[in-house]
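Encoded as structure tokens, the structure appears first; notes follow it.
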Amino acid sequence: MTYHRYFAALLCCILVIAPCLFITDVAEGADLESSEDVPTWGGPTDLSELEAFIDERVSTLSSMYYVMGTTVSVVKDGEMIFSKGYGYKDAAQQEEVSANDTLFRIGSVSKLFTWTAVMQLVEQGKIDLDTDVNAYLKSFRLADAYGGPVTLRHLMTHTAGFEETNRGIVSGNDQSTSIGEFLRLTMPKNINAPGQWVSYSNHGVTLTALMIEDVSGISFQDYVKMNILGPLGMHNTTLEQPPAAELLERLSRGFMFTGEGHEEGDFEYLGTVGAGEVSSTAEDMARFMLMHLNNGTYNGVTILKEETARYMRSEQFRAAPEAAAFLLGFYEMNWRDNVTICGHGGDTQLFHSMLTLFPEYGLGLFVSTNTNTGSYLANHLPYDFVNHYFPVEERVLPGPGPDAVKRADEVAGIYLDHRTAHTGVEKYLLKPSEWVIESTGDGYLAVNTGSRTYKAVEVSPYRYAFMDHPFPEFGDMIFVLDANGRPSHMVFSGIPVASTYERLGVMQQQDFVAGLLIASEILLASSFLWAGIALYRWRKGGRIAAPQVALMAAAAIALVFVFLVQNGMDLEAQAIAWEMTLQNPEPITTYLLLPLLVIFLAIAAVVLSMVTVWSKKPWSWWEKVHSLAVFAGLVGFIYWAHFWGLV
């Protein structure tokens, strides 16, 4: 969910300026000292200056990215100093956004409620951070992972090693499936040993929600309501999907910008409990920020011990010395060397949010948007806020150094995001994107992300700064070396949730597999020469050998399967069906039987050939070589099908 696949193409729409947005709900009563309009290091000190800054940023970014509505709150020194709604919650009725009354879907910011809840159980001694999670699960058991057991610490730092799956994240409106049953049907596999690399996982958070249920003895939703929302007075916040009638009336609609206008979207039912279902207002989220900034206490009510709240903001996993770290539930936003910044982002298809904390300054910012293009605003506003209130000299990127060409050649390669499907048919349906990183020959890198190519320059050994990236908050690329001193992975300096990219060997690359399939198809098609041979031999009173029949049948089925997969089904529709259902949608289930039949026939052909071809004399040498070539084509087909999770 968090930065979920929206690097998108709307940059071409930049510079189209829309009318100024409506503004409502200014926080009143904030006792701030008046100051100059020039911001002071350490956060806002003047309410009017803060308001003018956020007004300008929201207005500009909303116009650039066609955002229908936005809600914002800012807290500092134990109180909410600012809250405002911008634009519309309902375009048809021209209803304006209210920071106090309008609920927004906050996506993966919801995870912070799950982490807060589970840490309550940790401090009560009911759960241990470093014990196998299976010790606490009653209604579901996590499959054993290679490299050791998965622990709560792994789940909270997204280092459990799970591959990504979209299965059930956006579900239908059937909320009757229990968390345990949902995980039994959709839990992704481990692709890395726990504790090795970051691989962001919504299902890992849902696993934590199930732990909370099994340990506390009450539903996850009731636990959060009783132990977090109620004590903090967050009465405009809910985990219900959809919210109860009174809150549903105040929930913002979600909008899809199509290039020609805005269309109202349907309510998004999220199946991964604990990972993204919360709906809240900006002012309720201000209460949540204040609790964490005040180390577990808000308005005289303590829901976490001080040491627990502080521990949640401590470093837990850092992939490389200069990379951004995962904290315990929060993640670091490594945008200033001498300022601690942490938080969490959240994305659904239509809503995009960001919660950002500056613990040393008692400062927090929350922003949420209600349009599919709003990720740019939700991500840029906190980054601009940092640049404005914690200003530093503008970064001047150097030119390539003396060894830049050598290192650029070393890091060049094809890299795959760990946060993708690595096994199963979902890999083929969703087609994971590869980053192609090339050395330009003069010390720079050309980084092709699949949607466009960016230029990067080395700023220190194996660290490269983007010169033109639309998300500067990601920070620099940092290449991690393996035990042999070769670049094996790439991570980011700005935020760890931007994931880990693994360098691929030749046989792991999509272009290689595509070429292998073409060669295999040619070899398989050549098997039909035997049909002519069979006809000739039949006219002469002979017959075709059984292994040839088996190979020809296998080749025919393989070619039909490739055609059906590539042309016979609407991949987009099937991918949506895969994500929305907990059972394999048709025609996927039927299709996946065909490669199994191919494997059976190929094995039968090998066995038969050992008996009749190589031990007897009816075949000429070229027939034997040809049969090997066709068999090689079948092996290539099976590798292709296995690579894409089709067998």
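Could you pull out every one of the strands (runs of 3 or more DSSP E) wholly within the stretch 440-517 that has 3 or more residues that are more than 30 Å from GLY636 (Cβ to Cβ) and open to solvent by 40 Å² or more (accessible area, probe 1.4 Å)?
Correct list: 453-460.
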Task: Close pairs from the stretch 157-172: first more than 14 Å from THR206 (Cα to Cα), partner among the basic types (Lys, Arg) and at pLDDT below 95, Cβ under 8 Å, at least 6 apart - done: GLU163/LYS189
Open item on the list: Checking the conditions here, which among ALA323, ALA309 is crowded, with 21+ Cβ neighbours inside 10 Å, part of a loop (DSSP other than H, G, I, E, B) and not β-branched (Val, Ile, Thr)?
Closed with: ALA323
TODO: Select from the stretch 245-280 the residues that are surrounded by fewer than 22 Cβ atoms within 10 Å (Cβ to Cβ), assigned to a loop (DSSP other than H, G, I, E, B) and either in contact with a Ser or Thr (Cβ under 7 Å, 6 or more places away or on another chain) or polar (S, T, N, Q) (or both) and list them in ascending order.
DONE: ARG250, THR258, GLU268
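Which of the residues that make up the stretch 374-396 are closer than 17 Å to GLU473 by Cβ and part of a loop (DSSP other than H, G, I, E, B)?
First pass over the stretch 374-396, keeping only residues closer than 17 Å to GLU473 by Cβ: 374-392, 394-395.
Of everything in the stretch 374-396, those that are closer than 17 Å to GLU473 by Cβ and part of a loop (DSSP other than H, G, I, E, B) turn out to be GLY374, PHE390, PRO391, VAL392, GLU394, ARG395.
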- [ ] Check off (1) under 20 Å from LEU430 (Cβ atoms); (2) modelled with pLDDT under 80 for LEU646 and give me the number that stays unchecked.
- [x] (2)
Open item on the list: Any residue at all in the stretch 355-363 that's out of contact with any helix residue (DSSP H, G or I) (no Cβ under 8 Å at 6 or more places or on another chain), assigned to a helix (DSSP H, G or I) and open to solvent by 10 Å² or more (accessible area, probe 1.4 Å)?
Closed with: yes
Open item on the list: I need the full set of residues from the stretch 364-390 which are within 16 Å of ARG336 (Cβ to Cβ) and open to solvent by 10 Å² or more (accessible area, probe 1.4 Å), in order please.
Closed with: TYR383, ASP384, ASN387, HIS388
- [ ] Test GLY195 against the stated conditions and say whether it is in contact (Cβ under 8 Å) with a residue 12 or more places away in the chain, out of contact with any Lys or Arg (no Cβ under 7 Å at 6 or more places or on another chain) and either surrounded by fewer than 20 Cβ atoms within 10 Å (Cβ to Cβ) or not aliphatic (A, V, I, L, M) (or both).
- [x] yes
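Using the structure shown, decide if THR157 is more than 18 Å from THR116 (Cβ to Cβ), among the hydroxyl-bearing types (Ser, Thr, Tyr), open to solvent by less than 40 Å² (accessible area, probe 1.4 Å) and under 15 Å from the mean Cα position of the chain (by Cα).
no
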Open item on the list: Just to verify a result, which residue in the stretch 597-622, among those that are buried (at least 16 other Cβ atoms within 10 Å of the Cβ) and over 24 Å from LEU516 (Cβ atoms), is modelled with the lowest pLDDT?
Closed with: VAL613
Open item on the list: Test of understanding: among GLU315, GLU283, which residue is over 27 Å from GLY168 (Cβ atoms) and not in a helix (DSSP H, G or I)?
Closed with: GLU315
- [ ] Those residues that are open to solvent by less than 50 Å² (accessible area, probe 1.4 Å) and either at pLDDT 95 or above or of a type in the set (Lys, Arg) (or both), I need them from the stretch 419-434; list them, please.
- [x] ARG419, LYS427
Task: Residue in the stretch 199-216 that is among the hydroxyl-bearing types (Ser, Thr, Tyr), open to solvent by 40 Å² or more (accessible area, probe 1.4 Å) and either within 22 Å of THR159 (Cβ to Cβ) or free of Cβ contacts under 8 Å to residues at least 12 places away in the same chain (or both) present - done: no
Open item on the list: Testing GLY168 on (1) in a loop (DSSP other than H, G, I, E, B); (2) out of contact with any Leu (no Cβ under 7 Å at 6 or more places or on another chain), one condition comes back false. Which one is that?
Closed with: (2)
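The values are calculated or read from the model by the stated rules, or taken from the named source; none is laboratory data. Small disclaimer: the values here were computed from a predicted structure and weren't measured. Cβ sites come from the backbone with ideal geometry, for glycine too, and all protein chains shown count toward neighbours. All accessible areas refer to the heavy atoms of the entire protein, side chains included, with ligands and DNA or RNA removed. Shrake-Rupley method; radii C 1.70, N 1.55, O 1.52, S 1.80 Å.
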